[in-house]
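To start, the structure under review is shown below, and the notes come after it.
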Amino acid sequence: MDDSLQEMPNSVIVRRLTKSYGAVKAIDNVSFRIGKGEVVGFLGPNGAGKSTTMRILAGLMPATSGSVHICGISVAAYPEIARRHIGFMPENNPLPEDLRVSEYLTFRARIKDVPSAEVKKRVREAMEICQLHHKAANKIIGNLSKGFRQRVGIADAILSKPEVIIMDEPTIGLDPHQIIAIRELINSLRGKMSVIISSHILPEIELMCDRVMIINQGSIVASGTPESLRKDFISSDKYEVSLKSPPEEFKKVVGQIGRGLSIEKLLRTSSDGYFDYLLKSSIRGDLGCELISELSKDTRFAVRAVAYKKPSLEDIFMAATRRSWEQVSKLKADNSEFVRESGGGNGR
């Protein structure tokens, strides 16, 4: 966890959270904090425990053990009070098909105990924030596009001005234009509300979120800013090189440069005779200038481009989950070896 988070006030504090179904633990000893006004991405493979964690946070499911505090209020001890501070948008948010947007949001505001004198104002503000007021306020929900339906779900989540917003797959099924609109909407909430977003669209998470948490097999396996996670989980730098040269000669030059540099793969061959390679360096540091300098010394190489390939959030996600699977596999292997050595598997 980032040191800065220890100093900032927290809207969400989760301690040693566990949810069991018989002998199976959906989540196991999960702990984290979300700062006020922070936008956090919550990632994990299917079945990793994301939805279970988010439903417990939203007060929709009890934990087996551990605690969740929303704005200092225990969700387990005071669920109704805690839920007043939470806006929850579930995946595939169910909406009534036959109501107008303004009618539905008015209905939802009353359910959320928004004071009667404030209902009209809150509905108007939520529609303005979600850009529903001009084009969709009086439209039947059943006639709305997927993008506008998602906006209605977000408007519902922010109606009561909660301190914490939880969104499960807010951009699922949207086209690129709709995704950008939802991204801008979520960015507008930064600093005003704490936002937790679960999504499989990793480039969007990287663009929207201040910090990322990755859960796998029920445990948090990574937490930090994308930049800090790159340092923690990516052990090599990569470069894309486009040049015209005899492949064997290029391999020799790469070997001569050293610095842990190697050719990972040939990406593509162009019709104009250029080869595009992906290079990997096991030693961190900018090799771009050195590559250009070395290749430029040899007239057999016509260099078109050398580019540093910044590790994506997808690269980090794959590295973090792979490491956690390897650790579990090693633990199982060690346990099996212990059982064999102690005679636990021979019926004695």
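The values are calculated or read from the model by the stated rules, or taken from the named source; none is laboratory data. Computed from a prediction, not measured in an experiment: that's the story for all the values here. Don't worry about glycine lacking a Cβ; one is built from the backbone with ideal geometry, like all the others, and counts go over all protein chains shown.
Is there a residue being at pLDDT below 95 and touching a Leu at 6+ places or on another chain (Cβ under 7 Å) anywhere in segment 10-21? For segment 10-21, residues at pLDDT below 95 and touching a Leu at 6+ places or on another chain (Cβ under 7 Å): absent. Candidates are the residues of segment 195-214 that are out of contact with any Phe, Trp or Tyr (no Cβ under 7 Å at 6 or more places or on another chain) and part of a strand (DSSP E or B); the one that is surrounded by the fewest Cβ atoms within 10 Å (Cβ to Cβ) is 211.
Would you be able to say whether some residue in segment 82-90 is closer than 30 Å to residue 124 by Cβ, without any contact (Cβ under 8 Å) to a residue 40 or more places away in the chain and crowded, with 18+ Cβ neighbours inside 10 Å?
Within segment 82-90, the subset closer than 30 Å to residue 124 by Cβ is 82-90.
Narrowing the set further to residues that are without any contact (Cβ under 8 Å) to a residue 40 or more places away in the chain leaves 82-83.
In the following step, the residues that additionally are crowded, with 18+ Cβ neighbours inside 10 Å were identified as 82-83.
For segment 82-90, residues closer than 30 Å to residue 124 by Cβ, without any contact (Cβ under 8 Å) to a residue 40 or more places away in the chain and crowded, with 18+ Cβ neighbours inside 10 Å: present.
With the requirement that a residue be more than 18 Å from residue 186 (Cα to Cα) and outside any helix (DSSP H, G or I), what does segment 84-101 give you?
Initially, segment 84-101 is screened for residues more than 18 Å from residue 186 (Cα to Cα), giving 84, 94-101.
The answer is 84, 94, 95, 96, 97, 98, 99, 100.
Applying the condition of being modelled with pLDDT of 90 or more and in a loop (DSSP other than H, G, I, E, B) to segment 132-154 and asking which residue is surrounded by the fewest Cβ atoms within 10 Å (Cβ to Cβ) yields 138.
For residue 119, are the conditions met, namely being over 30 Å from the mean Cα position of the chain (by Cα), modelled with pLDDT of 95 or more and surrounded by 12 or more Cβ atoms within 10 Å (Cβ to Cβ)? Please lay out each step first, then the result.
Working: over 30 Å from the mean Cα position of the chain (by Cα): yes; modelled with pLDDT of 95 or more: yes; surrounded by 12 or more Cβ atoms within 10 Å (Cβ to Cβ): yes.
The answer is yes for residue 119.
When each of 70, 34 is tested for being closer than 21 Å to residue 157 by Cα and within 18 Å of the chain's Cα centre (by Cα), the lone residue that passes is 34. Report, by residue number, each residue of segment 133-167 that is touching a Phe, Trp or Tyr at 6+ places or on another chain (Cβ under 7 Å) and farther than 14 Å from residue 96 by Cα. Once the filter is applied, which keeps residues that are touching a Phe, Trp or Tyr at 6+ places or on another chain (Cβ under 7 Å) and farther than 14 Å from residue 96 by Cα, segment 133-167 yields 136, 157, 166. Of all the numbered requirements in (1) outside any helix (DSSP H, G or I); (2) modelled with pLDDT of 90 or more; (3) under 21 Å from the mean Cα position of the chain (by Cα), residue 60 misses one, and that requirement is (3).
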